[in-house]
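Here the structure is laid out as structure tokens; the discussion comes afterwards.
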Amino acid sequence: MTLQALDKPVYTAKVAVLGLSFKPHSDDVRDSPALDVAVQLRGLGADVVATDPQGIENSRLRHPQLSYSTSIEETLRDADAVVLVTEWAEFKQIDPVWAASLVRSRIIIDGRNTLDAAAWRAAGWTYQGLGRP
């Protein structure tokens with residue numbers, strides 16, 4: 001994943017991370033690529049706020065340096081970029097127009113290629129899906 005669309009250095013950005021668990025419908029974060037993404041972004045200096053319907057407590061035990069929220073709205077508020085890394089139904093159903101009203105910058109990286117790219121782009125987002133143009 002790349003944050004090249006950011007118009008500022010990663011270490012000055014707030015990044016909203018959607019998903020921490022290894023897969024949807026689980027609180028298992030052991031060897032979770034999603035949690036690794038959040039930790040790597042934090043390691044680059046980003047202000048990371050992450051959410052997950054079930055994985056927050058296990059994530060907090062492993063990585064207390066991250067900020068967590070149980071609210072999608074709070075996670076998105078004033079974000080410079082959004083990274084979706086676990087394909088929970090709650091994240092797939094986010095209305096891109098609603099989300100645009102919360103973020104500072106309309107940049108989304110869909111690490112699971114689960115979102116409707118056309119709908120997000122139509123709402124003014126810079127959409128990047130892995131392996132998609």
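The values are calculated or read from the model by the stated rules, or taken from the named source; none is laboratory data. What you are looking at is a predicted structure, and each value in this text was computed from that prediction instead of being measured. Positions of Cβ are backbone-derived with ideal geometry, glycine not excepted, and every protein chain shown enters the neighbour counts.
Looking only at the stretch 86-106, which residues are basic (K, R) and assigned to a loop (DSSP other than H, G, I, E, B)?
Of the stretch 86-106, the ones basic (K, R) are 92, 104, 106.
Residues satisfying the conditions are R104, R106.
Does S32 satisfy the condition of being of a type in the set (S, T, N, Q) and touching a Gly at 6+ places or on another chain (Cβ under 8 Å)?
yes
Any residue in the stretch 107-132 that's part of a helix (DSSP H, G or I): show its pairings with residues that are surrounded by fewer than 17 Cβ atoms within 10 Å (Cβ to Cβ) at Cβ separation under 7 Å, as long as the two are six or more apart or on different chains.
Partner pairs satisfying both residue conditions: A117/R132.
Taking the stretch 46-78 on its own, how many of its residues are surrounded by 16 or more Cβ atoms within 10 Å (Cβ to Cβ), part of a helix (DSSP H, G or I) and within 13 Å of the chain's Cα centre (by Cα)?
3
Of all residues in the stretch 1-20 being within 10 Å of A81 (Cβ to Cβ) and among the small types (G, A, S), which is modelled with the lowest pLDDT?
My answer is A5.
What tally of residues in the stretch 1-42 results from selecting those that are among the β-branched types (V, I, T), buried (at least 19 other Cβ atoms within 10 Å of the Cβ) and part of a loop (DSSP other than H, G, I, E, B)?
Final tally of qualifying residues: 1.
Determine which single condition V83 fails, assuming it passes every other condition in (1) part of a loop (DSSP other than H, G, I, E, B); (2) in contact with a Gly (Cβ under 8 Å, 6 or more places away or on another chain).
The number of the failed condition is (1).
Which residues, counting only those in the stretch 20-46, are touching a Phe, Trp or Tyr at 6+ places or on another chain (Cβ under 9 Å) and on the phi < 0 side of the Ramachandran plot? Even if it seems obvious, please write down each step before you answer.
Applying the first criterion (touching a Phe, Trp or Tyr at 6+ places or on another chain (Cβ under 9 Å)) to the stretch 20-46 yields 20-21, 24-25, 28-35, 44-46.
Scanning the stretch 20-46 gives L20, S21, P24, D28, V29, R30, S32, P33, A34, L35, L44, A46.
Among the residues of the stretch 68-107, which ones are among the hydrophobic types (A, V, I, L, M, F, W, C), more than 19 Å from V29 (Cβ to Cβ) and touching a helix residue (DSSP H, G or I) at 6+ places or on another chain (Cβ under 6 Å)?
Here is the first cut: in the stretch 68-107, the residues among the hydrophobic types (A, V, I, L, M, F, W, C) are 72, 76, 79, 81-85, 88-89, 91, 94, 97-100, 102-103, 107.
Then keep just the ones that are more than 19 Å from V29 (Cβ to Cβ); that gives 76, 79, 81-82, 94, 97-100, 102-103, 107.
Across the stretch 68-107, the qualifying residues are L76, A99, L102, V103.
Checking the condition closer than 16 Å to R112 by Cα and either among the aliphatic types (A, V, I, L, M) or over 13 Å from the mean Cα position of the chain (by Cα) (or both), which residue from P33, P24, P9 passes? Walk me through it before giving the result.
Numbers: P33 fails: either among the aliphatic types (A, V, I, L, M) or over 13 Å from the mean Cα position of the chain (by Cα) (or both); P9 fails: closer than 16 Å to R112 by Cα.
Matching residue, one of P33, P24, P9: P24.
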